[in-house]
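S.K.: Just dropping this structure here.
The values are calculated or read from the model by the stated rules, or taken from the named source; none is laboratory data. Note that the structure is a prediction, hence the values are computed from the model and not measured. Positions of Cβ are backbone-derived with ideal geometry, glycine not excepted, and every protein chain shown enters the neighbour counts. Just so you know, the surface numbers come from the protein's heavy atoms only, side chains and all, with ligands and any DNA or RNA stripped out. Shrake-Rupley method; radii C 1.70, N 1.55, O 1.52, S 1.80 Å.
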Amino acid sequence: MSVRFVIDSLDFVRNAGARRDKIPVLELIRLHDLLYDQEGEVTYEISGYFDHNDKPVLYLKISGNIHLSCQRCLNKLTKNIDLQTYLLLTENETELDLNNEEDTMDAILASPELDVWSLVEEEIILNLSISSRHPEGMCKMHELISNEKDSTKASHMSHPFAALAALKKIK
Ligand SMILES: [Zn+2]
């Protein structure tokens, strides 16, 4: 069982904190509904610093692979996560709203108990596209009709039986 990483966010910045660690996908509970399976792990790096305006900022980098379900063929789709984000720490809601209106850097409320794992979870969820599919031609279903030359027909393969129908047409 892994131990969650919880920081006092402002203290972390004041101490120029930095940490690099791994989280098993199994532990990223909120992601599970979106996943094909719970294999693998993600690596995160977090560091705190004051920016040129002397504002406290957390830098977060996340990388690794997770397994989604392809929306078309329902098979395993390996999604490479490689994202970086800068999060401004704000003292209160007003400051938070103000910053989000300005739309410069993402902001979160400073917290004496910031759960970094939850933060990682959130960032991954925010960065997943709503529709996840294998690239055109990479679906398992497409292999069935790999001798199909007309690529425009491949776009009609959204229904399982459509592939079968196409297969019959070829023969
Ligand atoms: Zn697919």
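S.K.: Can you give me the ranges of the strands (runs of 3 or more DSSP E) entirely in region 11-88 with at least 1 residues that are open to solvent by less than 70 Å² (accessible area, probe 1.4 Å) and closer than 20 Å to His134 by Cβ?
M.R.: Qualifying strands (runs of 3 or more DSSP E): 56-69.
S.K.: Restricting attention to region 17-36, which residues are over 15 Å from Arg4 (Cα atoms) and in contact (Cβ under 8 Å) with a residue 60 or more places away in the chain?
M.R.: Those that are over 15 Å from Arg4 (Cα atoms) and in contact (Cβ under 8 Å) with a residue 60 or more places away in the chain: Leu31, Leu34.
S.K.: Restricting attention to region 20-38, does a residue exist that is polar (S, T, N, Q) and in contact with a strand residue (DSSP E or B) (Cβ under 6 Å, 6 or more places away or on another chain)?
M.R.: Within region 20-38, not a single residue is polar (S, T, N, Q) and in contact with a strand residue (DSSP E or B) (Cβ under 6 Å, 6 or more places away or on another chain).
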